[in-house]
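The values are calculated or read from the model by the stated rules, or taken from the named source; none is laboratory data. Here the structure is a predicted model, which means the values were calculated and not measured. Ideal geometry is used to build each Cβ from the backbone, glycine not excepted, and the neighbour counts take in all protein chains shown.
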Amino acid sequence: MDRKGTRTIHRKRNKSLGVVELIAIALGGMVGGGIFSILGMSVSMIGPYTPLAIILGGMLAFLAAYSYVQLSKYYRDEGATYAFFKKTFPTSPFAASLIGWWVVFGYISTLALYAYTFAAYAISGSAYADVEWLRKTVAGLIILTFMLVNIWSVSGMGKIEDIMVYSKLVILTIISFVLINNSQSTLPVLFETSPDTNLLTIFVVAAVTFVAYEGFQLVINAVNETENPEKNIPIAIYSALLIAVLIYVVISLGAILTIPFDQLIENKEYALAAGAENILGHWGSDLVIAGALLATSSAISGTLFGASRQVAVIANDGYFPKIFARRVDTVPVFAIIGMAIFAFLLVLAGNLEVLLEFGSFTFLLVSLLMAYANFTIRDRTNSSLILTVTAFVGLLIGALLILYYELLYQPAQLVFIAAFYGILTVGAGLYSKRHRL
């Protein structure tokens with residue numbers, strides 16, 4: 001029986017993931033396309049204030065994580081965002097369907113973002129670095145690779161994720177120290193020589209960087225394969241967020257102190273590699289590329305793992321095609337395949353910036369809804385009123401800032417994003433009508 005007295009069907013659980021694997025999954029989703037995707041864009045908008053925007057984005061992520069942690073301890077459901085909202089507001093099938101579609105395609109957009117970034121770095125040292133069709137082909141191949149890895153085995157994926165994540169942390173730490181040790185400037189000089197930047201633009205960039213932290217939610221999707229989830233999931237989420245913020249700040253600081261801004265801006269898709277080669281030589285570029293490939297690989301794997309569990313739960317409730325609910329043992333094979341296919345289609349249709357902004361807005365939006373859900377049942381989740389309200393207000397401001405930026409500077413992208421949301425809303429509506437209460 002669940003907390004509301006209704007009968008709950010419990011799946012057979014294979015508890016193969018401990019806190020170390022959970023932190024690896026969260027870091028795999030966060031320290032992936034994140035810093036490698038946002039760095040060039042951030043420097044082009046706010047220059048030396050990039051580390052500050054990254055810290056502000058991390059603070060926003062901590063606020064979002066609070067509601068997720070409180071709801072996960074109360075519901076303990078691998079459906080995460082979708083399941084929490086559906087159980088908090090059980091009388092609205094359309095709302096449940098809509099948030100399910102939004103969050104799943106948010107994950108799919110980040111898969112596409114990570115794959116695109118992987119491909120950009122993978123071919124960055126070749127003569128074909130800017131050949132778009134080759135970049136998208138490589139992106140498709142890396143999605144295929146980790147689709148097969150996730151189908152293969154939960155414990156196997158966990159061990160591979162451990163190796164990739166902790167290896168990339170070592171490499172990224174080395175990159176950070178190398179960059180800072182080769183600094184060509186200082187922060188006071190950069191602040192003095194850079195154009196004036198207003199506070200609003202810094203907050204806009206902070207909101208856009210939110211997508212770099214969204215991977216923490218993936219831990220909740222693994223609740224059925226987790227040892228002692230009520231204790232280990234909060235530890236994993238908060239620990240991974242802290243590590244991610246530290247890594248992002250140190251790397252961004254090293255980059256802006258070492259690499260000229262024009263080089264970071266000119267090669268947005270592989271900013272660190274291009275800049276490192278000019279400053280540190282070929283070995284510096286190779287080190288950055290190795291870190292980027294490991295980072296984006298683990299992000300793809302971790303996102304596929306966690307989000308596919310959520311897809312299976314939504315499909316089992318009737319809001320996605322039923323085939324996505326089918327599992328082999330505990331592995332949602334068809335959900336993994338479906339996510340991989342849609343991610344590749346987004347790679348073909350989009351570019352780095354639109355994927356980044358769609359992902360950031362989507363996760364700000366669904367995190368805002370989670371804050372609202374937690375506020376609604378805060379007495380049952382034992383949540384702080386101050387923290388819950390602060391999270392809601394902060395996430396709302398972040399979402400509005402992205403819309404403001406898009407409307408002012410990228411109206412064509414705003415139309416694309418709005419059209420995509422329209423398609424998702426229609427799909428959610430059709431499936432909610434077929435759903436039987």
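Quick notes on this one:
- Here VAL389 meets each of (1) more than 22 Å from the chain's Cα centre (by Cα); (2) among the hydrophobic types (A, V, I, L, M, F, W, C); (3) surrounded by 15 or more Cβ atoms within 10 Å (Cβ to Cβ) with one exception, condition (3).
- Restricting segment 80-98 to residues that are in contact with a Phe, Trp or Tyr (Cβ under 7 Å, 6 or more places away or on another chain) and more than 15 Å from LYS433 (Cα to Cα), the residue that is surrounded by the fewest Cβ atoms within 10 Å (Cβ to Cβ): LYS87
- Within the set TYR166, TYR116, TYR121, TYR107, the sole residue that is within 30 Å of TYR372 (Cβ to Cβ) and either among the hydroxyl-bearing types (Ser, Thr, Tyr) or assigned to a loop (DSSP other than H, G, I, E, B) (or both) turns out to be TYR107.
- Positions within segment 210-242 being under 15 Å from MET59 (Cβ atoms) and either surrounded by fewer than 24 Cβ atoms within 10 Å (Cβ to Cβ) or touching a His at 6+ places or on another chain (Cβ under 7 Å) (or both), in sequence order: TYR238, LEU241, LEU242
- Set side by side, the residues SER37, SER42, SER67 differ, and just one is modelled with pLDDT under 80, within 19 Å of the chain's Cα centre (by Cα) and part of a helix (DSSP H, G or I), which is SER37.
- From LEU403, LEU369, residue being under 30 Å from GLU132 (Cα atoms) and either in a helix (DSSP H, G or I) or among the hydroxyl-bearing types (Ser, Thr, Tyr) (or both): LEU403
Yes/no per residue for (1) buried (at least 24 other Cβ atoms within 10 Å of the Cβ); (2) without any contact (Cβ under 8 Å) to a residue 40 or more places away in the chain; (3) closer than 30 Å to LYS87 by Cβ:
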| site | (1), (2), (3) |
| --- | --- |
| PHE334 | no, yes, yes |
| ALA340 | yes, no, yes |
| ALA349 | no, yes, no |
| GLU353 | no, no, no |
| LEU369 | no, no, yes |
